[in-house]
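Encoded as structure tokens, the structure appears first; notes follow it.
The values are calculated or read from the model by the stated rules, or taken from the named source; none is laboratory data. This structure is a prediction, so every number in the text was calculated from the model and none was measured. Positions of Cβ are generated from backbone atoms using ideal geometry, with glycine treated the same way; all protein chains shown enter the neighbour counts. The accessibility values were calculated without ligands, DNA or RNA, using every heavy atom of the protein model including side chains. Shrake-Rupley method; radii C 1.70, N 1.55, O 1.52, S 1.80 Å.
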There are 4 protein chains.
Amino acid sequence: MSHNTFGYFFRVTTWGESHGPAIGGVVDGCPPGIRFKLSEIQAELDRRRPGKSRFVTQRREPDEVKILSGVLPDEDGETLITTGTPISMLIENVDQRSKDYGEIADRYRPGHADYAYDQKYGIRDYRGGGRSSARETAVRVAAGALARKVVPGLVVRGALVAMGEKDINRDNWDWDFVNDAENPFFTPDRDSLAELTEYLDGIRKAGSSVGAIIEIVAEGVPAGLGEPLYGKLDQDIASNIMSIGAVKGVEIGNGFEAARIRGEQNADQMRMGPDGKPVFLSNHAGGILGGISTGQPVIARFAVKPTSSILTPRQSIDRFGKEVDVLTKGRHDPCVGIRAVPIGEAMVACAIADHYLRHRGQTGRSGGSNW
Amino acid sequence: MSHNTFGYFFRVTTWGESHGPAIGGVVDGCPPGIRFKLSEIQAELDRRRPGKSRFVTQRREPDEVKILSGVLPDEDGETLITTGTPISMLIENVDQRSKDYGEIADRYRPGHADYAYDQKYGIRDYRGGGRSSARETAVRVAAGALARKVVPGLVVRGALVAMGEKDINRDNWDWDFVNDAENPFFTPDRDSLAELTEYLDGIRKAGSSVGAIIEIVAEGVPAGLGEPLYGKLDQDIASNIMSIGAVKGVEIGNGFEAARIRGEQNADQMRMGPDGKPVFLSNHAGGILGGISTGQPVIARFAVKPTSSILTPRQSIDRFGKEVDVLTKGRHDPCVGIRAVPIGEAMVACAIADHYLRHRGQTGRSGGSNW
Amino acid sequence: MSHNTFGYFFRVTTWGESHGPAIGGVVDGCPPGIRFKLSEIQAELDRRRPGKSRFVTQRREPDEVKILSGVLPDEDGETLITTGTPISMLIENVDQRSKDYGEIADRYRPGHADYAYDQKYGIRDYRGGGRSSARETAVRVAAGALARKVVPGLVVRGALVAMGEKDINRDNWDWDFVNDAENPFFTPDRDSLAELTEYLDGIRKAGSSVGAIIEIVAEGVPAGLGEPLYGKLDQDIASNIMSIGAVKGVEIGNGFEAARIRGEQNADQMRMGPDGKPVFLSNHAGGILGGISTGQPVIARFAVKPTSSILTPRQSIDRFGKEVDVLTKGRHDPCVGIRAVPIGEAMVACAIADHYLRHRGQTGRSGGSNW
Amino acid sequence: MSHNTFGYFFRVTTWGESHGPAIGGVVDGCPPGIRFKLSEIQAELDRRRPGKSRFVTQRREPDEVKILSGVLPDEDGETLITTGTPISMLIENVDQRSKDYGEIADRYRPGHADYAYDQKYGIRDYRGGGRSSARETAVRVAAGALARKVVPGLVVRGALVAMGEKDINRDNWDWDFVNDAENPFFTPDRDSLAELTEYLDGIRKAGSSVGAIIEIVAEGVPAGLGEPLYGKLDQDIASNIMSIGAVKGVEIGNGFEAARIRGEQNADQMRMGPDGKPVFLSNHAGGILGGISTGQPVIARFAVKPTSSILTPRQSIDRFGKEVDVLTKGRHDPCVGIRAVPIGEAMVACAIADHYLRHRGQTGRSGGSNW
């Protein structure tokens, strides 16, 4: 069975290939009565949109989202209100250049899903990677924009924390800078801008590509979200993020570093705050204990591999078993990790919205029970 | 909704708390006609069983699994044959010492799920961590033992590759040594034994704990398993692994290292082998491209945090909002990562079995289409 | 994939065969904090229990349910409180007489699932029908007893309204009489008792069997439960009921009669009641419009076929393709429809509980929005 | 949670309201390599299309389906081949006359879902019934047209067997006549044509409506499809059919009649056929035993209530609690049961396709094991 749905209660089903007429998705389970403007969805899509700088694919896609169902217009004519029925979203593909792909129709691009798709299905839409194209992620971002509205007070933000061997300086972290118009990298470190620019320019000109590490921080997550064993909040965040193409690893809070330290170092101690509410003295856990949110910020990081489409020829075979050399012209991001920032945010927001509704269903409460 | 099931086609539902009368689970969707011996399931359970060395909890549990449904005995009286109906497995809890937990009934142990459970449910079984206890993982191991039988030729093995700051030497990798009776750590590096022993003894005597990194390798995975977007094989492996308590990160193939390198370095090139079948010249991808298995070994690594139950007092609060110091006596593993090896294997085996059946359903084939 | 789970939010997974050591199930998603006594579950089981009169199978099963997880005892030592984690229930099989079935091991009993199971799985547990035995329904009744507790004010009752060609007189409907100790039929019509007794005695002595029609009425169902299209409340009630063995039809409200009448006759008109709340002037719809509950009583009826196990020889074949005559000795109900009453109630209660939690999750409310 | 998906393996998600810009759906899990022509889908849609006779709504909808993903064109330019990825289908709404509905925006039409939707969501798209409109069923028919292709040799046909108090004569059953151009009723009985015409004309002119009973017969269903308990083939057929608006009852094989007869009468006896394969001597079971197909034709019948939109005024209230009289002008079918024939076929075909793939996944076979 193919499986193109994620979420249990707030469920997103996506469809579409890179070079078909359109891509889209259905958000099912969104609560009724949520008010939003189409421009808010569009704003998130614009953050992910290709063609915005020389560091992302030059494919020109307006990525204009249409909402075909599940909403009623409010009296102001601009605000939409969800009705509780499925919300269908559609984004037309405008700038397909299928001819770019003609010569790789039968060839397996190393690092791409070409060979795997042929093994699985015996047939594939090779144009632009077909279903496995990064274009599909536009739908995730649109769904995530809705998910953000589901949980009152939720703020989900992301930033690039490493590109190839370059780490940003966390002491310079500035959330405001992340989405600054002059910042093509979503780096939170203004001082990193020049170095990253020079670095990625070099990679781009060399016809190469590089990976990146992205960090997502969700604030305003009520305590109590997540299932105890299967369907842990961190599990579902990890799952959602791992479903993004090119992601090879994910970690929560201290992550892999937790394997290196002692129990005393890793435990987040607690005290009572001046307002009579519990406070944690640290957040090594990344806001989740035993799969359940604690009320602290939820922190996830993930690794994106370098774009597989590069201009350097690589050894491969074609689907007839002939040995060939492959180099991919097309229009590609030298660092797909950059545009993964809004996608990662969207996937985390969807996981949190899903668990928010599940928690409310099981317990009748919208958050933690005690405080 | 609580959610205690994983897998879509090969589905495992578990139940039980650490200090209730028993734990158990139901495996649904197992193909009919699979033959196994109870002793084979038991052998896997014995690998995870507590009390085998001074480095794991001294709780004495025989972990004897009973199979209550879904099988018929073969004529030899020993072999069981699955009938296709749900397989219920039950393991009695024998050595509960609830009194050990009396004093932490109202206290939130730092790093534990205590606070989060109370936030979620407003009530919890505090004895031994209740549902979030590592005891539940015995059921996973039993289910995994069945999963291994579902895919012909599948071999899933795991090893500890780091404990705290100690990395094993991969040049010494010896699968045979991993399960050697004199090796309490599942290390594949015989030379690491003395150092790890001394290291963990020090930690244990200090009443402390430490984390670990585990690597799982699945060989004999047919090409073509996994869904293209949601339900990727690597996504489901990551999800399954992240559902294990104390896991804080997971990576596939090159993992986080992939973020640091170039596209040329990361791509796995292909040639035709002497037998007329494709061969990959490397396995940076960890056997999965675009979410679908390629036929190469599937490789996953995960980080286990240090046991939160330590003898060093930590600051916390109780559920009445009083500030307290907590130290956890009980019987605990100084490095829970050790016993995570068979658990990780089981979770990977379950994900692969699940996708094997899904692939067979959608395509009518048991593996890749072309070669 | 086998599929032994029902419900989306309040989920029940059952396991077990008629002649294995036990049957059981897991209720997942039950809200925390629900208080019940084991004796309440047992009371429901006792209503379904075999051996209570000469009109039901003489198999002697105490049907004593054990709860192995998901609850904590209250201070009174008798009340149990759900913790929100999965509730495992187990009922031992005591009175298996496998020898009764020896001679039908290879024969396909007409009207039974024997042939179909062999076609599906190529292997089956033939003893007592194996998985398809009515014994499994004990678990449904236990789960239903919990489901009743989930929805405050919910009352689900059932009655036999026809046995073979005998219809009860609805003018005599008396809910109190349904569970009267001297009433072995769950008939709501005291006057029907003598006639039904004589009728079924005749059938029983003739080694024959007969079908029945059961009606379930759920009162106290909040308005607003049910999904608009797939997952309609009536759909899920129908689905749950059709999953009971021997059920061949189900209808809601007017049911098949609705096909025979005009729009004016079928519409339930509305007025405002003296308390300022809407009242319906009739209930042809059976409490459900467009898949969603209206607040009126939910009414479902279903048809149970005559027991297939009869003493009259029938033509059949065995699994080697030999033509044989089959008559089934064993111990069987001359009218399995009788014991279907508590089972039907349980299945309706589970559907309502499930939708109650789903509604609460999506809307944050426990019932209708307006009044 | 809203729930707009059906099927487990062959999964259909629909979206859209009667008076939005479009309706549509996503078919997920369709096997790769299935070849079909768009005209084949369209042909099924045309059978359901409104405006074809004076007995169905005069809304003029071309119901032209577009396929936006999941297929590749074959070399002939006309045949499409499924790729295994999700198939998105879209049908534009052309002839919305929202003004017809202005006056019922705040009124609850008796027999309609208006009141229930407001209770559930507190908001609804009242135009044309919004989500609960029969328009949504066009998507089901399109999905069903694909489902028919999934199972080799499957033929699913339906017919109207009763309209109001008029039963067709089964002795005149002629499948060829059902889809005859001069037959607006899908009746299989040519002799019934005149009587049904006169009957329904009278009802139509009186501004009234009437119910109907539809029978679906699926031939070529392999033995062995269906799960033993939850997910029985008949259960899923019943569930799928009950999800169609206005359906109030469903039965399999003998159905409710089975409750009236004896075990000897109801059992389908078996003999060996001249070709060495088992034959059943009757089909009271409707092709399903114990939830699993036997290889006989699968037979389902369902009752459709009379259209609730009638010209006769009915008592009701509005959403402010005011008592009103409602009559529905709009354009409506005097007997919605007529157009339910292709919808019922589609829902049965989807259930069978789903179980075909599930059976193949679990067993590795495409049908029964023995013969």
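Structure data summary
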item: Odd one out for A:Val65, checked against (1) over 27 Å from A:Gly226 (Cβ atoms); (2) of a type outside the set (Ser, Thr, Tyr); (3) within 14 Å of chain B (Cβ to nearest Cβ); result: (3)
item: Residue within the stretch B:337-354 that is facing chain A (nearest Cβ under 10 Å) and either open to solvent by 10 Å² or more (accessible area, probe 1.4 Å) or part of a loop (DSSP other than H, G, I, E, B) (or both) present; result: yes
item: Residues (outside any strand (DSSP E or B), among the polar types (S, T, N, Q) and within 17 Å of B:Gln235 (Cα to Cα)) located in the stretch B:283-295; result: B:Thr294
item: Hits in the stretch B:158-173 (condition: surrounded by 14 or more Cβ atoms within 10 Å (Cβ to Cβ) and more than 17 Å from the chain's Cα centre (by Cα)); result: B:Gly164, B:Lys166, B:Ile168, B:Trp173
item: Residues of the stretch D:283-295 satisfying the condition of being more than 9 Å from every other protein chain (Cβ to nearest Cβ) and either open to solvent by 40 Å² or more (accessible area, probe 1.4 Å) or free of Cβ contacts under 8 Å to residues at least 60 places away in the same chain (or both); result: D:Asn283
item: Those residues of the stretch C:1-24 which are touching a His at 6+ places or on another chain (Cβ under 9 Å) and either surrounded by fewer than 24 Cβ atoms within 10 Å (Cβ to Cβ) or of a type in the set (Lys, Arg) (or both), in sequence order; result: C:Tyr8, C:Arg11
item: Residue count for the stretch B:21-38, restricted to those that are farther than 22 Å from A:His3 by Cα and within 14 Å of chain A (Cβ to nearest Cβ); result: 4
item: Selection within the stretch B:56-74 - assigned to a loop (DSSP other than H, G, I, E, B) and modelled with pLDDT of 80 or more; result: B:Pro62, B:Asp63, B:Glu64, B:Leu68, B:Ser69, B:Gly70, B:Asp74
item: Any hit, the stretch D:149-160, residues being part of a helix (DSSP H, G or I), more than 10 Å from chain C (Cβ to nearest Cβ) and not acidic (Asp, Glu); result: yes
item: Hits in the stretch D:222-280 (condition: at positive phi and of a type outside the set (A, V, I, L, M, F, W, C)); result: D:Gly224, D:Gly226, D:Gly231, D:Gly253, D:Gly255, D:Gly276
item: Inter-residue pairs, beta-carbon under 8 Å, first among the small types (Gly, Ala, Ser) and in the stretch A:39-59, second assigned to a loop (DSSP other than H, G, I, E, B) and open to solvent by less than 30 Å² (accessible area, probe 1.4 Å), 6+ apart; result: A:Gly51/A:Thr57; A:Gly51/A:Arg59; A:Gly51/A:Glu61
item: Within the stretch A:246-275, tally of residues that are facing another protein chain (nearest Cβ under 7 Å) and either in contact (Cβ under 8 Å) with a residue 40 or more places away in the chain or within 13 Å of B:Ala238 (Cβ to Cβ) (or both); result: 7
item: Number of the exception - C:Leu200 against (1) under 18 Å from C:Arg47 (Cα atoms); (2) part of a helix (DSSP H, G or I); result: (1)
item: Matching residues in the stretch D:37-65 - criterion: being farther than 28 Å from D:Glu198 by Cα and crowded, with 19+ Cβ neighbours inside 10 Å; result: D:Ile41, D:Asp63, D:Val65
item: Complete set of residues in the stretch C:185-224 that are over 25 Å from D:Ile261 (Cβ atoms) and either surrounded by 24 or more Cβ atoms within 10 Å (Cβ to Cβ) or facing chain D (nearest Cβ under 7 Å) (or both); result: C:Ala218, C:Val221, C:Ala223, C:Gly224
item: Any chance A:Ile104 is of a type in the set (Val, Ile, Thr), within 14 Å of chain B (Cβ to nearest Cβ) and either touching a strand residue (DSSP E or B) at 6+ places or on another chain (Cβ under 7 Å) or farther than 30 Å from D:Asp118 by Cα (or both); result: yes
item: Search result, residues across the stretch D:236-256 that are among the polar types (S, T, N, Q) and open to solvent by 10 Å² or more (accessible area, probe 1.4 Å); result: D:Ser239, D:Asn240, D:Asn254
item: Residue in the stretch B:125-135 that is in a loop (DSSP other than H, G, I, E, B) and either aromatic (Phe, Trp, Tyr) or over 19 Å from the mean Cα position of the chain (by Cα) (or both) present; result: yes
item: Subset of the stretch D:257-282 (residues that are surrounded by 17 or more Cβ atoms within 10 Å (Cβ to Cβ), in a loop (DSSP other than H, G, I, E, B) and modelled with pLDDT of 95 or more); result: D:Ile261, D:Asp268, D:Gln269
item: Where B:Glu323 falls short, out of the listed (1) facing chain A (nearest Cβ under 10 Å); (2) touching a Phe, Trp or Tyr at 6+ places or on another chain (Cβ under 8 Å); (3) of a type in the set (Asp, Glu); result: (2)
item: Residue list for the stretch A:225-244, restricted to those being out of contact with any His (no Cβ under 6 Å at 6 or more places or on another chain) and within 7 Å of chain B (Cβ to nearest Cβ); result: A:Pro228, A:Leu229, A:Lys232, A:Asp234, A:Gln235, A:Ala238, A:Ser239, A:Met242, A:Ser243
item: Count of the stretch C:296-328 residues which are open to solvent by 40 Å² or more (accessible area, probe 1.4 Å), assigned to a loop (DSSP other than H, G, I, E, B) and either in contact with a Lys or Arg (Cβ under 8 Å, 6 or more places away or on another chain) or over 14 Å from D:Gly263 (Cβ atoms) (or both); result: 6
item: Failed item in (1) within 20 Å of the chain's Cα centre (by Cα); (2) under 30 Å from A:Gly29 (Cβ atoms), with D:Arg107 passing the rest; result: (1)
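Conditions tested, residue by residue: (1) under 22 Å from C:Lys52 (Cα atoms); (2) of a type in the set (S, T, N, Q); (3) touching a residue at least 12 places away in the same chain (Cβ under 8 Å).
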| position | (1), (2), (3) |
| --- | --- |
| C:Val155 | no, no, yes |
| C:Trp175 | yes, no, yes |
| C:Phe185 | yes, no, yes |
| C:Leu193 | yes, no, no |
| C:Glu215 | yes, no, yes |
| C:Ala223 | no, no, yes |
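Residues are listed down the side, and each one gets a yes or a no for (1) under 30 Å from C:Gly295 (Cβ atoms); (2) in contact with an Asp or Glu (Cβ under 8 Å, 6 or more places away or on another chain); (3) surrounded by fewer than 21 Cβ atoms within 10 Å (Cβ to Cβ); (4) at pLDDT 95 or above:
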site	(1), (2), (3), (4)
D:Tyr108	yes, yes, no, no
D:Ala113	yes, no, no, no
D:Asp118	yes, no, no, no
D:Arg127	yes, yes, no, no
D:Ala142	no, yes, no, yes
D:Ala145	no, yes, no, yes
D:Gly153	no, no, yes, yes
D:Val156	no, yes, no, yes
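Quick grid of which residues meet (1) crowded, with 19+ Cβ neighbours inside 10 Å; (2) in a strand (DSSP E or B):
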residue	(1), (2)
A:Val26	yes, yes
A:Asp76	no, no
A:Thr85	yes, no
A:Val94	no, no
